[in-house]
Every structure is written in C-alpha cells, then in structure tokens.
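The values are calculated or read from the model by the stated rules, or taken from the named source; none is laboratory data. Keep in mind it's a predicted model, so treat the numbers as computed, not measured. With ligands, DNA and RNA removed, areas are computed over all heavy atoms of the protein, side chains included. Shrake-Rupley method; radii C 1.70, N 1.55, O 1.52, S 1.80 Å.
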Amino acid sequence: MILYIVRHGETDWNKMHKVQGRTDIPLNDYGRRLAEETAEGMRKIPIDLGFTSPLLRAKETAQIILKGRDIPLYDEERLQEISFGRYEGLYCGGENRDPDSEAFNQFFNDTGNYIPPEDAETIPQLYERTGSFLKEISEREDLADKNILVSTHGAAMTSLLNRIRGNLSVEHFWKDEVPPNCSVTMVEIKDGKARILKEGMIFYKEKVKKWKTV
C-alpha cells in the first residue's frame with residue numbers, strides 16, 4: 001500500500017495568519033492553483049481511492065487532484081484538523097495580531113506548555129484519532145495493494161507523520177515544521193508497518209512560505 005498524504009492548498013485565513021482549526025474555510029484562488037499544479041504533477045501516479053477530511057479546504061484539494069479520474073473519495077472525520085476552540089479566528093501574526101495570540105502561539109513555539117482552551121482538542125487526542133485512522137487502513141486486507149490519496153491539514157498531517165517516525169512527543173511535535181500547502185509525502189505500508197519514502201514533495205513551480213497557521 002502506498003499513501004500520498006497531502007496538506008490542503010492555501011486559504012485566505014492562511015494568508016492572513018488567522019487560526020483555522022475546525023473552522024470550515026474554503027481554498028482561495030491561489031490555493032486552487034496550487035492544487036491544480038499538484039494534480040498535474042501527480043497525473044501519471046495511479047491512484048485507486050482517496051480519503052479526505054470533510055473540511056472544505058482539504059476536500060476541495062482532493063477533488064481538484066482527482067478531477068477527471070473515476071476514483072472514489074471518502075470523507076474521514078479522523079483526518080480533520082485539530083480543534084482550537086475559542087482561539088479559532090484569532091490573528092496569530094502580522095500587523096493585526098490579537099492580544100490572545102501569545103497564548104495560542106505556544107502551540108508552535110513552546111508546544112510542551114501549550115494549554116488548549118476547554119472547548120479545544122489536545123495534541124494527545126489528535127495523535128489518538130489520526131493514529132486510529134492509520135492503524136485501520138494499515139490492517140485492511142482490501143487496501144493492501146492500493147495507492148491511496150489522503151487529504152488533510154497541517155497539524156493532522158504532522159501527527160500522522162510523527163507516528164510513522166515513532167515520535168509521539170508533544171514537546172517536539174513540530175520538530176519537522178509545518179508541511180507547506182499542497183506538499184505531498186509518500187508513505188509505504190507493508191506487513192502492517194509504515195515508512196516514509198519521500199517527504200515534502202512539491203509539484204508546483206512557485207515555492208510558498210510555510211504558513212504558521214493551521
């Protein structure tokens with residue numbers, strides 16, 4: 001089994017440094033272009049099926065990548081972005097930075113001491129649900145020889161890749177930084193074990209900033 005794990009394309013909130021989380025923000029025009037160029041770059045890669053976070057930005061990214069192919073795409077709740085609760089909508093950078101953003105930015109800058117709001121999700125909870133998804137598909141015999149697109153989000157993707165690396169640390173969650181928009185990581189699953197084959201593949205011409213918003 002080969003997984004092609006992709007982070008969604010850019011949104012206006014990415015560009016404005018606003019905290020997204022579970023807030024359902026669509027791709028912007030630039031994000032759609034990134035997805036279209038990624039689709040072109042992956043055109044010759046055979047894909048049998050796809051799983052996507054049901055949030056618009058991830059789902060539209062998957063739909064653009066698979067456009068013109070007769071490939072089933074399934075919504076998967078466990079691929080949603082981490083919930084930031086009341087922090088969602090905050091400006092966490094730039095000129096309009098909100099006063100509360102200092103506490104939120106610990107999520108990136110001092111992750112071991114980040115305290116999520118009561119209505120948010122913890123990093124261990126994120127590890128648990130994304131790990132549940134990875135374990136389930138790894139054990140499905142009907143998927144053993146399939147090529148699968150997995151469309152998700154910055155923190156959710158990092159959670160999946162950290163588990164594959166054997167790193168379930170909260171403190172070092174961002175050791176390998178935020179995956180760029182529309183970056184693709186290729187993962188092989190063989191005999192129930194996952195390993196990263198290629199990481200951070202970019203299929204579009206223009207390099208983009210690693211937005212510190214998820």
Notebook entry, point to check: Over all directions, what mean area does the Cα convex hull of the chain project, stated in square nanometres?
Noted result: 10.9 nm²
Item checked: Volume in Å³ per residue [convex hull over Cα atoms, computed for segment 85-177] -> 120 Å³
Notebook entry, point to check: Using a cut-off of 14 Å between alpha-carbon atoms, which aspartates and glutamates can reach residue 193, once sequence neighbours fewer than 8 places away in the same chain are excluded?
Noted result: 136, 139, 141, 145
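Here are some pairs, 59/175; 44/67; 18/67; 44/190; 135/190; which of them have Cα atoms lying more than 21 Å apart in this structure? The partial results should precede the final answer.
Details: 59/175 27 Å; 44/67 13 Å; 18/67 29 Å; 44/190 23 Å; 135/190 12 Å.
Among 59/175; 44/67; 18/67; 44/190; 135/190, the Cα-Cα distance tops 21 Å for 59/175; 18/67; 44/190.
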Note to self: What is the percent carbon and sulfur in the accessible area of segment 94-206, measuring with a 1.4 Å probe over the protein chains and ignoring ligands?
What the structure shows: 43 percent
Checklist line | Helical segments meeting 15 Å axial Cα length and Kyte-Doolittle 0.0 threshold in the chain (DSSP H) | finding: 154-165
Notebook entry, point to check: If amide H atoms are built 1.01 Å from N in the plane of the peptide, which residues on other chains or at least 5 residues away come under 5 Å of the amide H of residue 147?
Noted result: 2, 48, 49
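Determine the per residue accessible area of segment 77-214 with all protein chains present and a 1.4 angstrom probe, expressed in square angstrom.
Numbers: 7030 Å² over 138 residues.
Roughly 51 Å² per residue, with all protein chains present.
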Checklist line | Cα point-scatterer Debye curve for segment 161-202, base-10 log of I(q)/I(0) at q = 0.15, 0.20 Å⁻¹ | finding: -0.41, -0.70
Next item on the list: When you have a sec, figure out the Kirkwood radius of segment 82-137 from all distinct Cα pair distances and drop it here in Å to one decimal?
Entry: 12.4 Å
Notebook entry, point to check: When the helix-only estimate is applied to the chain (DSSP H runs of n ≥ 4, each -39,500 (n - 2.57), divided by the residue count), what is the mean residue ellipticity at 222 nm, nearest 500 deg cm²/dmol?
Noted result: -8500 deg cm²/dmol
Next item on the list: Please work out how much accessible surface residue 188 shows to a 1.4 Å probe, ignoring ligands, DNA and RNA, in Å² rounded to 10.
Entry: 40 Å²
Note to self: Out of all DSSP beta bridges in the chain, what portion is antiparallel? Express it as a percent rounded to 5.
What the structure shows: 50 percent
